[in-house]
Each structure stands twice: as C-alpha cells, then as structure tokens.
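Presented below is the structure to which this report refers.
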Amino acid sequence: MAHYKLAFLGFGNVGKSFARLLLSKQTELHNLYALTYSITGIATASHGMAVDLDGIDLLRALKANEYQDFCKTTPPTSVEEWIDACEADVLFETTPVNYTTGQPAANYLRAALERGMHAITANKGPVVHAYQELKQIAASQGRYFLFESTVLDGAPIFSLFQRALPAAQLISFQGILNSTTNLILTKMGQGDEFNQAVKYCQNIGIAETDPSGDIDGWDAAVKVAALVTVLMGIPIKPSEVQRQGIRDITGQQVLQAAQEGKRWKLICSGEKQGKSVHAKVQPELVGVESLFYNIMGTSSLIQFRTDVLGQFSIIETDPGPDTTAYGLLSDFIYAVL
Ligand SMILES: NC(=O)c1ccc[n+]([C@@H]2O[C@H](COP(=O)([O-])OP(=O)(O)OC[C@H]3O[C@@H](n4cnc5c(N)ncnc54)[C@H](OP(=O)(O)O)[C@@H]3O)[C@@H](O)[C@H]2O)c1
C-alpha cells in the first residue's frame, strides 16, 4: 500500500470538485491501485491557507469558508512558505489562468517540482508559458508535470498522444474548444441577442464578470498554443495564434445563417507547415455536413489528423468542474503508479 500526501493550491470550483472526486473514489484507489492519500495543505487567495501534516478532514474543508483554522501551527504567510510546509508528494494547482504570462502559477509549479513533488495543473497558463522549463525540471527530479485538464477538461488529449499513440505525428487539428462562446452562439441561434446570451452565460456561472477572455478568443488561443506546443513540439505563445473572437457576430447574422442551414462556430485550428505551424481561432459558418454543426451548448469537439491514423475525433458533451476534476485524478494515478 502506498500513501501520498496531497496539497491543493486553489480550492474553488475545480479544487472542490476534485476533493469530492477523491472522496468518492477512495475505495477504488485503495482496492484497484493500492493507493491511499491524505491532504496536507489547502491554499486560496482570500480564504486563507491550511497546513496539517496529519491530514486535513476533506469533508470539513468542503463545508468551510476559511482555511487557516485547519493549521496546527502558525499559518504560512505566502504560497512559497505554504508549499514548503505541506511536505506534499503531489501539488494540484487550480488557480485562475493568466493568459499573458502564466504567473504566478508557473512559479508555484516550479517551486513544487524543485521540492520533489509531482506538479499537476488544470491551468493552461503555465503550459503555454513554461512548458519546456517545467518539463525539464520534472525530468531532472524524476517527477511529472501533468496537465490533462487544461484542454477539453478531463477528456484524454495529452495522455492520448503521449501514451496511447507512440510515434504518431500530429499533422493538424481543428476543434470547438471554448464552451462559453459555443453556448453564446447556441443561445443566439435560439433568438437571443449577443448581450443577452452573454448575460445568460454569466447568470449560470459559465462566463466571468469580464467575459472578454472567452468572447475575444483568448481562452481558445491559449488552448491552441498548448496543443501546438505540446503535441506538435513547436513552442508558440497565444499572441502568435491568429485570433478573432465572436464579439462582432450579431443575432441577425446567426438567424440568417440558420435560414441557410448553417451555424456560426468558433473554430480553433493548427496545421503544421514544415517546421512552423499555422494556428488560428476564428468564427466560421458550418453546414450540416460538418462534424461541428451539431456541437451545441457547452459541448466541445476536437478532430486530429495524424500520419498513422488519418482523421479521428473526440467529442465531450456538457463538461464542467467535475469532468475537469477527473483529468486531475487521472494525472495523479498516472504520476504515482
Ligand atoms: N471551471 C472549469 O470547469 C475549468 C475547466 C478547465 C480548466 N479550468 C481551469 O482550472 C483553474 C481553476 O478554475 P476554477 O473554476 O476552479 O476557478 P475558481 O473557482 O476561481 O477557483 C480558483 C481558486 O484559486 C485560488 N487562487 C487564486 N489566486 C491564487 C493565488 N495567487 N494563490 C493561491 N490561491 C489562489 C482562489 O482563491 P479565492 O477563492 O480566495 O480567490 C480559488 O480558491 C483555472 O485555471 C481554469 O482555467 C477550469
């Protein structure tokens, strides 16, 4: 039986969903993988940081709103101090994405790897801004830097290529990778104006108060950059992705397209061209013959073209923090087995 000490950096939607998933899978982890765990740290930005080397009661933490009371000694005053104090085997990083620098998450992941922890994240920022560096530190420490949850939530994308498709070359991909814009376009197809559709997404907690990261295509561009960087081996930044969001699409255009049997979709793509790549995010009109036509609401699709399997696709229906949490769990099991 192997026991692992886990630390949660970020305890919001995804962090809490992951905590619930760990609790519900406790018996399977024990019986199938001879694996037990305890939580030695929880850190947030404004609700305090907890450290308890004897193990934090996760059920109690899920009901709490402040975490410093879980500390048995003086609470840490910085995330770096907290990383040191938790003495964890695995750090799970689920803080908000910083599209332009990947910070401070990238620094926290580096600190965890340098202290000999596996570093697992749901945050796209560090993948596009620090992939090579974090991968190298992980390798030098005999640890893993894993990030399955960053694109298509828990659906296998990175692990698929890294583990199930050895020696396959990715030639190109195309996908609907941003749930918020796909839901906005779906609502506009049902008669909403753009602002109404955005408001709807904010009310149900899908879009942020400032939704520009989604509607201007930044979230999609970061995902494209992550796929190109990791799966094609060509490091690019989100700013190098040709990007156009959906801000200028009107309700009238969406209804007009519907009359012609078409739908607007925000299509992400990357295509290898020799040693470089053409990567873009842009709204496109698709007809019924397209796989993208029936991807509605928050669902996603990615289609890959490889040198060995030709074309194949993955569709993810109605994802959310629970499916993202599964990506963290699958990375955890892979890292420690
Ligand atoms: N939600 C999804 O379905 C989904 C899907 C795929 C990927 N992701 C990615 O997963 C990550 C987490 O998403 P989420 O929805 O869980 O976000 P969230 O609900 O906003 O939670 C973020 C957590 O990080 C904490 N935090 C923020 N800045 C911090 C800092 N500097 N140091 C320590 N803790 C900090 C927050 O603390 P406070 O509460 O005190 O601010 C909060 O606990 C994001 O990178 C997101 O892009 C999310």
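Return the residues of the range 99-108 that are within 12 Å of the ligand (Cβ to nearest atom) and either without any contact (Cβ under 8 Å) to a residue 12 or more places away in the chain or over 11 Å from VAL79 (Cα atoms) (or both); say none if nothing qualifies. Scanning the range 99-108 gives TYR99, GLY102, GLN103, ALA106, ASN107.
Working only within the range 293-337, note down all residues that are open to solvent by 30 Å² or more (accessible area, probe 1.4 Å), part of a loop (DSSP other than H, G, I, E, B) and among the aliphatic types (A, V, I, L, M). Residues satisfying the conditions are MET296, VAL308, LEU309, LEU337.
All conditions in (1) at pLDDT below 95; (2) within 15 Å of the ligand (Cβ to nearest atom) hold for THR73, with the sole exception of (2).
Selection of the range 207-257 for residues being among the acidic types (Asp, Glu) and in a helix (DSSP H, G or I) yields ASP214, ASP219, GLU240.
Taking the range 118-157 as the range and being charged (D, E, K, R) and either within 9 Å of the ligand (Cβ to nearest atom) or surrounded by 24 or more Cβ atoms within 10 Å (Cβ to Cβ) (or both) as the test, the residues that pass are LYS124, GLU148, ASP153. Looking at THR36, THR44 in this structure, which one is closer than 20 Å to LEU109 by Cα and polar (S, T, N, Q)? Answer to the selection: THR44. Within the range 159-176, the residues that satisfy the criterion of being touching a Leu at 6+ places or on another chain (Cβ under 7 Å), under 21 Å from GLY287 (Cβ atoms) and not aromatic (Phe, Trp, Tyr) are GLY175, ILE176. Out of THR101, THR36, THR27, THR40, one residue alone is part of a loop (DSSP other than H, G, I, E, B) and either surrounded by fewer than 22 Cβ atoms within 10 Å (Cβ to Cβ) or of a type in the set (Ser, Thr, Tyr) (or both). It is THR101. For the range 48-68, a residue qualifies if it is over 15 Å from GLY10 (Cα atoms), touching a residue at least 12 places away in the same chain (Cβ under 8 Å) and not in a loop (DSSP other than H, G, I, E, B), and exactly one does: LEU59. Considering only residues that are without any contact (Cβ under 8 Å) to a residue 60 or more places away in the chain and open to solvent by 20 Å² or more (accessible area, probe 1.4 Å), look in the range 1-24 and name the one that is farthest from the ligand (Cβ to nearest atom). So, considering only residues that are without any contact (Cβ under 8 Å) to a residue 60 or more places away in the chain and open to solvent by 20 Å² or more (accessible area, probe 1.4 Å), the one farthest from the ligand (Cβ to nearest atom) is MET1. Summed over the range 8-24, the residues that are over 18 Å from the mean Cα position of the chain (by Cα) and either assigned to a strand (DSSP E or B) or acidic (Asp, Glu) (or both) give a count of 0. The set of residues in the range 31-47 that are touching a residue at least 24 places away in the same chain (Cβ under 8 Å) and more than 8 Å from the ligand (Cβ to nearest atom) comprises TYR33, ALA34, LEU35, THR36, TYR37, SER38, ILE39, THR40, GLY41, ILE42. Checking each residue in the range 111-123 for being more than 13 Å from LEU9 (Cα to Cα), out of contact with any Phe, Trp or Tyr (no Cβ under 8 Å at 6 or more places or on another chain) and part of a helix (DSSP H, G or I) picks out only GLU114. Could you please let me know if TYR334 is more than 16 Å from the ligand (Cβ to nearest atom) and farther than 24 Å from ALA258 by Cβ? Considered against the rule, which asks whether it is more than 16 Å from the ligand (Cβ to nearest atom) and farther than 24 Å from ALA258 by Cβ, TYR334 comes out as yes.
The residues of the range 69-86 that are over 25 Å from the mean Cα position of the chain (by Cα) and in a loop (DSSP other than H, G, I, E, B), listed by number, are CYS71, LYS72, THR73, THR74, PRO75, PRO76, THR77. Could you give me the residue pairs with C-beta distances under 6 Å whose first residue belongs to the range 218-236 and is of a type in the set (Lys, Arg), whose second residue is not in a helix (DSSP H, G or I) wherever it lies, and which are 6+ apart or on separate chains? Pairs found: LYS223/VAL151; LYS223/LEU177.
The values are calculated or read from the model by the stated rules, or taken from the named source; none is laboratory data. What you see is a predicted model, and the numbers here were worked out from it, not measured in a lab. Cβ coordinates were reconstructed from backbone atoms using ideal geometry, including for glycine residues, and neighbour counts include every protein chain displayed. For accessibility, only protein heavy atoms count, side chains too; no ligands or nucleic acids. Shrake-Rupley method; radii C 1.70, N 1.55, O 1.52, S 1.80 Å.
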